[in-house]
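Taking it in order: structure first as structure tokens, then the write-up.
The values are calculated or read from the model by the stated rules, or taken from the named source; none is laboratory data. Computed from a predicted model, the values in this text were never measured in an experiment. Using ideal geometry, Cβ is built from the backbone for each residue, glycine included, and neighbour counts are taken over all protein chains shown. Just the protein is used for accessible areas: all its heavy atoms, side chains included, with ligands, DNA and RNA removed. Shrake-Rupley method; radii C 1.70, N 1.55, O 1.52, S 1.80 Å.
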Amino acid sequence: MMIDTIALDLDGTLLDPEGRVPLKTGELIRRLKEDYRVFLISGRHFSEMEEAARILNLAERDMLISCDGMYIRRPGGEILHRFPGLRAEDLEKIKREMKPGAYTLCCITDEGPCTVDGSPLDYAKHWLMKSLRGGKGRLAYRQLPGGLGEIEKISVKREALEPERLRGEYNVHLNSGSWEILNSQTGKFQALSWLDRSGEIALSRMLYFGDSYNDLECMRRLKYSVAMGNAPQAVKEAAAYVTGSNREEGVYTFLRDSLDKLQSGREYISK
């Protein structure tokens with residue numbers, strides 16, 4: 001077999017615009033699991049990936065890779081590897097690089113998401129929204145306190161930051177109008193490379209689906225990479241193949257029409 005593993009991003013890729021695994025897609029992947037391992041790889045936390053894992057009947061040989069590659073875990077619960085996160089001093093450095101004026105940073109920690117607000121107005125607004133939602137939502141702080149756990153990533157509105165001075169020292173990519181900043185050693189491709197080095201997988205035999213800038217290195221570096229029709233143009237250009245959008249069940253279409261052709265060594269759709 002040319003391919004033995006199928007890796008799927010969640011939002012904008014496997015999941016439809018309503019955040020669900022499409023029925024036909026789920027049925028097809030469950031059938032393919034007889035011959036293929038299936039990895040879910042996402043910016044989400046494990047707790048937000050469990051429903052998709054259940055629908056696809058993921059088993060011990062499959063993988064969940066969460067928080068943009070920070071954690072590698074088996075569906076049964078064993079964490080195989082954890083990549084470095086960010087520290088309080090990283091937060092302060094990012095704050096110094098932000099444009100003058102009010103700002104809000106979203107920090108994702110292993111205790112949950114919170115905001116660090118640079119103006120009293122923003123700070124009060126986040127507390128008000130939390131109270132209106134019955135206590136649900138992100139905690140808001142003027143300064144990130146200790147004891148919240150390691151910072152997994154920091155999200156900053158696109159217009160509030162020019163990221164060039166952070167690149168290299170950090171892993172920086174766009175996501176839905178915000179810059180997402182991670183430790184430079186942490187990312188989706190880094191997680192897959194660790195699995196390759198450990199002998200768990202062979203990257204040369206992986207079929208990867210994605211739709212966003214956090215998938216870009218995987219698109220560039222993997223032989224069998226598929227960009228969704230709803231992906232930014234740069235992601236499509238980096239991928240080996242392009243399929244339909246997640247609204248059109250592009251994952252299902254590609255697996256149905258292209259997988260056997262790739263396995264037989266025949267090239268199929270290109271860009």
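Computed quantities for the displayed model
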{"read-out": "Residue count for the range 137-147, restricted to those that are touching a residue at least 40 places away in the same chain (Cβ under 8 Å) and under 23 Å from the mean Cα position of the chain (by Cα)", "value": "0"}
{"read-out": "Leading residue by the ranking (surrounded by the most Cβ atoms within 10 Å (Cβ to Cβ)) among those in the range 156-185 that are over 25 Å from Tyr71 (Cα atoms) and among the aliphatic types (A, V, I, L, M)", "value": "Leu161"}
{"read-out": "Residues located in the range 52-83, provided they are out of contact with any His (no Cβ under 8 Å at 6 or more places or on another chain) and among the aromatic types (Phe, Trp, Tyr)", "value": "Phe83"}
{"read-out": "Selection within the range 61-105 - at negative phi and open to solvent by less than 10 Å² (accessible area, probe 1.4 Å)", "value": "Asp62, Met63, Leu64, Ile65, Ser66, Met70, Ile72, Gly85, Leu86, Leu91, Ile94, Leu105"}
{"read-out": "Residue match in the range 172-181 (condition: of a type outside the set (S, T, N, Q), at negative phi and in contact (Cβ under 8 Å) with a residue 60 or more places away in the chain)", "value": "yes"}
{"read-out": "The range 1-30 residues that are free of Cβ contacts under 8 Å to residues at least 60 places away in the same chain, paired with ones that are charged (D, E, K, R) and assigned to a loop (DSSP other than H, G, I, E, B) (beta carbon under 7 Å, 6 or more apart)", "value": "Leu10/Arg44"}
{"read-out": "All positions within the range 188-241 that are part of a helix (DSSP H, G or I) and open to solvent by less than 10 Å² (accessible area, probe 1.4 Å)", "value": "Lys188, Ala191, Leu192, Leu195, Asp215, Cys218, Met219, Val235"}
{"read-out": "Selection status of Tyr103, at pLDDT below 90 and of a type in the set (Ser, Thr, Tyr)", "value": "yes"}
